[in-house]
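The values are calculated or read from the model by the stated rules, or taken from the named source; none is laboratory data. Note that the coordinates shown come from a computational prediction; the quantities given were computed from them, not determined experimentally. Positions of Cβ are backbone-derived with ideal geometry, glycine not excepted, and every protein chain shown enters the neighbour counts. We work out accessible area using only protein heavy atoms, side chains counted, and drop any ligands, DNA or RNA first. Shrake-Rupley method; radii C 1.70, N 1.55, O 1.52, S 1.80 Å.
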Amino acid sequence: MCVGLIGKPSSGKSTFFRALTSVETRIAPYPFSTVEVRVAEGFATVPCPCRRFGMECGSCFDGVRPVRVKVADLPGLVPGAHAGRGLGNRFLSEVSRARVLIHVLDSSGTTDCEGNPGAGDPLKDAEFVEEELDRWFEANLGKTSLGLPEGTVPEPGESVRDFRRRVKPVVLTANKADLPESRKFVKKLGELGAVPCSALFELVLRKAAASGIVRYVPGNGFELTGRVNARQLEVLEKVKNFIETHGSTGVQECLNRAVFEKLGYIAVFPVENEKTLTDSSGRVLPDVYLLPPGSTARDLAFRIHTDLGKRFVRAISAIDGTPFRSEDPLRHLDVLTIRKGQ
Ligand SMILES: Nc1nc2c(ncn2[C@@H]2O[C@H](COP(=O)(O)OP(=O)(O)O)[C@@H](O)[C@H]2O)c(=O)[nH]1
Ligand SMILES: [Mg+2]
């Protein structure tokens, strides 16, 4: 499963991508700086169950547990892409690989619809990207080029847009919300469900954390832990104000929404011993698995090991003792032991 970042050129996709994955990609204020699609590992986050058991797992940060997900930095999209403008169909064929999209919008209105400096309209950008995706869907309904499971077609009476949003959901984000120019647009974009966000500030915090200047758990606030110069302090003050206003930089929230709200994936924690919550070598809550909605106890067993799947008898929740037979769907954030037969 892969989360794709889309948006017009210079909206901040590569910055967002770097913030999520800590990979060096080219960041430049000109169109089409992303020539190649980059895919890297990022992390969604969930509350770690170790907290509710009063234990220390050693794998979470202040009770925030990272769960691996693939993120793709896609090329910029321009109006007319469905008809071949910009990277056109090459772009759209890359989109087909992503199960869910994060639309990174430049909410500052300081770049036009092709990403060049100048007056822009974020609300129009929000619409043209939807429109491009709809046109592409329309032209490819029922074909493999959309990257959907075979037989995924609109329900009777379902519009192309509703169908597209159902099978390839989009999280809208009002990026560059740190710029004063964004103020007048962020509220309106919020009415469309956009998450206010600053990919730049998220990147600043992750870099500062990596160099020991701050302690930062993505999605939360931060605290100073090292010496900073006057300039760094000034930047961090701005970041702090942003977080006070918006609750977080918004970046982690977008990824979490994409994975858990839009796709409905669940995170589950298998353990061997339901009393100590450990594996055979004594590690507390050693693993977390991300599974598609509706996944059953036996699906989890197969994901861990084919042999465990074949010999599956039942799973039991270490949280409340609920038993799960092979076809029972699992619950998000459950901790499970799997009983196997001979
Ligand atoms: N102020 C501000 N600038 C940003 C933000 N995100 C990206 N930028 C800037 O916008 C420009 C384009 O960013 P980039 O990530 O290359 O955009 P892409 O073309 O969508 O990949 C760069 O100058 C970034 O530093 C943000 O959240 N706030
Ligand atoms: Mg880019």
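A few remarks follow.
- Within the range 78-100, considering residues that are touching a His at 6+ places or on another chain (Cβ under 9 Å) and on the phi < 0 side of the Ramachandran plot, the one nearest to ligand 1 (Cβ to nearest atom): Leu92
- Hits in the range 323-342 (condition: open to solvent by less than 70 Å² (accessible area, probe 1.4 Å), free of Cβ contacts under 8 Å to residues at least 60 places away in the same chain and assigned to a loop (DSSP other than H, G, I, E, B)): Ser326, Asp328, Gly341
- Residue satisfying condition, being within 13 Å of ligand 1 (Cβ to nearest atom) and either in contact (Cβ under 8 Å) with a residue 40 or more places away in the chain or in a loop (DSSP other than H, G, I, E, B) (or both), within set Leu203, Leu172, Leu148, Leu189: Leu203
- The single condition from (1) over 18 Å from Arg257 (Cβ atoms); (2) modelled with pLDDT under 95; (3) within 23 Å of the chain's Cα centre (by Cα); (4) surrounded by fewer than 22 Cβ atoms within 10 Å (Cβ to Cβ) that Glu130 fails is (1).
- Of all residues in the range 265-322 being part of a loop (DSSP other than H, G, I, E, B) and acidic (Asp, Glu), the one that is surrounded by the fewest Cβ atoms within 10 Å (Cβ to Cβ): Asp320
- Failed condition for Ala194, given (1) closer than 26 Å to Gln252 by Cα; (2) open to solvent by 50 Å² or more (accessible area, probe 1.4 Å): (2)
- Total residues in the range 100-126, condition charged (D, E, K, R) and either modelled with pLDDT of 95 or more or under 19 Å from Val251 (Cβ atoms) (or both): 4
- For the range 241-264, a tally of residues being polar (S, T, N, Q) and either outside the structural domain of Thr15 (by TED's automatic domain parsing) or open to solvent by less than 60 Å² (accessible area, probe 1.4 Å) (or both) returns 4.
- Residue within the range 175-189 that is open to solvent by less than 10 Å² (accessible area, probe 1.4 Å) and closer than 25 Å to Tyr265 by Cβ present: yes
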